[in-house]
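First comes the structure, then the notes that go with it.
Rule-based calculations on the coordinates, nothing more; no lab input. Everything numeric here is computed off the predicted structure, so don't read it as measured data. Counting neighbours? That spans all protein chains shown, and the Cβs are built from the backbone with ideal geometry, glycine included.
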Amino acid sequence: MSALALDVASVRARFSALQRDLVFFDGPGGTQCPDEVIDAIAGYLRGSNANVGGHYETSRQTEALIADARLAAAEWMRCGPDEVAFGANMTTLNFMLSRTVARELSPGDEIVVTRLDHDGNVSPWLELARDRELTVRFADITDGCALDLDDLREQLSERTKIVAFPVASNAVGTLVDAARVAELAHEVGALAWADAVHFAPHGPIDVTAWDVDVLLNSPYKYCGPHMGLMYAKRELLERWRPYKVRPAAEEPPGHRFETGTMQHELLAGFVAAVDYFHSLGWDAVVRHERELGERFLAGLPERCTLLGPPTMDGRVPTFAFTVEGLSPEAVATRLGEHGLAVWHGDYYAVEVMRRLGLDDGAVRAGIVHYNTAEEVDRLLAALAGL
């Protein structure tokens, strides 16, 4: 495939799930898997299923798979293979990590979150604050649903220990300047704690360039299996004392944060998902998604009120909107009857919807690289006909 053009027909041929009339604009809640990911999961279970530590073939194959998965994760996030850990999902990992870092926090310490966040990067800190007499501060967003960096700066002080933020909003699609937020956090001695779950299918993650201390994402948002993935700087993983069983290995540092037996078959699927994206190339993915996003924005009926940036600048192709005279649930139901899969509600972006005064949330249509111009037109026509 060209670095500049995505052969969408060839891409879609790799997905059995896409060979139907249902149109998937539900990518923000989880993408479909290409057959190679499914085959990798099944292949592991058929031929290599074992636990680690055994002196026999399938156990050694499993250990090799884990090593490959760490290398794939390191390449995916641009870090060292000893700086990654796998888990059930982003939220579970974040609750675990927040409890671990709490061992270094004291009553009166402060954590800053944003009103742009998914609740998976808010509630762990709210619960921790209740347990440890901490304070959680909220950085506001602008009327255009961008993170208000001036307000964020005002929330910071010498008491700030964590700055938790999203790389992209899972509700309104707004991008956040991760490197700038990390810089502001580090100026007051705080850790930059990034949620890249929603950003991950739309562009390359680079924890080194962004200089974040912790970053979490979920492979099932980028055509992989249901699991979670985290990065943390090596010095943090070595310094923090995790909650783990005594026999668990101490090396590599990331392994200390993987409790129990890992989901080996899903690691096989994760490696295949990373390989799948490598076969596409980010330039082609980003260009294709931008074109589809521009097509959606240009054709959105007047009856629909868009939330967030009105152009593709500063956003990913995730669109939240309301429809005059109809509840978000009614819109989603009618679109579903037309074979169009969208979401409604707050999608766990609780603070965004509160800030916008939307008690019932909004409709959300998410475009990913396997969507087509024809599908976007079909969605626009259905919205026009509501």
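Between ASP377 and ARG354, what FRET efficiency follows from the Cβ-Cβ distance if R0 is 41 Å, with the result rounded to 0.05?
On the way: r = 34 Å, r/R0 = 0.82.
In this case the efficiency is close to 0.75.
When the helix-only estimate is applied to the chain (DSSP H runs of n ≥ 4, each -39,500 (n - 2.57), divided by the residue count), what is the mean residue ellipticity at 222 nm, nearest 500 deg cm²/dmol?
Values: 14 runs with 153 residues, N = 386.
Computed mean residue ellipticity for the chain: -12000 deg cm²/dmol.
Please return the longest stretch of the chain lacking exposed loop sites, where GluC sites (Glu not before Pro) count only if DSSP places them in a loop and at most 15 other Cβ atoms lie within 10 Å.
Values: sites that count: GLU133, GLU158, GLU250, GLU302, GLU324.
For GluC sites (Glu not before Pro) (loop position, at most 15 other Cβ atoms within 10 Å), the longest site-free span of the chain is 1-132.
Could you identify which residue out of LEU65, LEU215, LEU229 has the top mean-square fluctuation in a GNM of the chain using Cα springs shorter than 10 Å?
Comparing LEU65, LEU215, LEU229 in a Gaussian network model of the chain, the most mobile one is LEU65.
Using 7 Å Cα-to-Cβ label points, what is the TRP240/ARG334 separation (nm, one decimal)?
Simple spin-label model gives 4.6 nm for this pair.
Sort LEU175, LEU237, LEU358 so the one with the fewest other Cβ atoms within 10 Å of its own Cβ comes first. List each step's numbers first, then the result.
Details: LEU175 20, LEU237 23, LEU358 17.
Least to most surrounded, the residues fall as LEU358, LEU175, LEU237.
Considering Cα pairs under 8 angstrom that are at least six residues apart, work out the relative contact order of the chain and quote it in whole percent. It would help to have the intermediate numbers written out before the result.
On the way: 734 pairs, mean separation 90.5, N = 386.
Value for the chain: 23 percent.
Determine the distance separating the Cα centre of segment 184-203 from the Cα centre of segment 73-105; give it in Å without decimals.
Centre-to-centre distance over Cα atoms comes out at 13 Å.
In a Gaussian network model over the chain where Cα atoms closer than 10 Å are linked, find which of LYS244, LYS221, LYS233 has the largest mean-square fluctuation.
Top of the fluctuation ranking is LYS244.
Sketch the reach of a paramagnetic label on LEU386 as a point 7 Å from Cα along Cα-to-Cβ, and name the residues of segment 286-319 whose backbone nitrogen lies under 14 Å away.
300-307, 319
Going by how many other beta carbons lie within 10 Å of each one, how would you line up TYR348, TYR56, TYR243, fewest first? If you can, show how the numbers build up before the last one.
Values: TYR348 18, TYR56 8, TYR243 11.
If I rank by nearby Cβ atoms, fewest first, I get TYR56, TYR243, TYR348.
Starting at the first residue of segment 63-70, write each ³J(HN,Hα) from the Karplus equation 6.51 cos²θ - 1.76 cosθ + 1.60 with θ = phi - 60°, in whole Hz, x for Gly and Pro.
In residue order, the calculated couplings are 5, 5, 4, 4, 4, 5, 5, 5 Hz.
Convert each backbone phi in segment 203-210 into a coupling constant with the Karplus relation 6.51 cos²θ - 1.76 cosθ + 1.60 (shift: θ = phi - 60°), then list the ³J(HN,Hα) values in order as whole Hz, x for Gly and Pro.
In residue order, the calculated couplings are x, x, 7, 9, 5, 6, 5, 6 Hz.
Taking the number of other C-beta atoms within 10 Å as the exposure measure, put ILE38, ILE162, ILE111 in order starting with the fewest. Present the calculation step by step, with values, prior to reporting the outcome.
Details: ILE38 16, ILE162 23, ILE111 27.
Listing ILE38, ILE162, ILE111 from fewest to most nearby Cβ atoms yields ILE38, ILE162, ILE111.
Rounded to the nearest 5, what % of DSSP beta bridges with both residues in segment 40-277 are antiparallel?
Numbers: 10 of 26 bridges.
About 40 percent, rounded to the nearest 5.
Could you run the Karplus curve 6.51 cos²θ - 1.76 cosθ + 1.60 with θ = phi - 60° over segment 276-283 and give me ³J(HN,Hα) per residue in whole Hz, x for Gly and Pro?
After applying 6.51 cos²θ - 1.76 cosθ + 1.60, I find 4, 5, 4, 5, 8, x, 5, 4 Hz.
Apply 1/(1 + (r/R0)^6) to the Cβ-Cβ distance of ASP177 and GLU57, taking R0 = 56 Å, and write down the FRET efficiency to the nearest 0.05.
Numbers: r = 49 Å, r/R0 = 0.87.
About 0.70, to the nearest 0.05.
Treat every Asp and Glu Cβ in the chain as -1 and every Lys and Arg Cβ as +1, leave all other atoms uncharged, and give the resulting dipole magnitude about the Cα centre to the nearest 20 debye.
Numbers: 35 positive and 57 negative charges, 142 e Å.
It works out to roughly 680 debye.
Can you grab the distance from the C-alpha centre of segment 29-46 to the C-alpha centre of segment 319-386, Å, no decimals?
Value for the Cα centre distance between the two parts: 28 Å.
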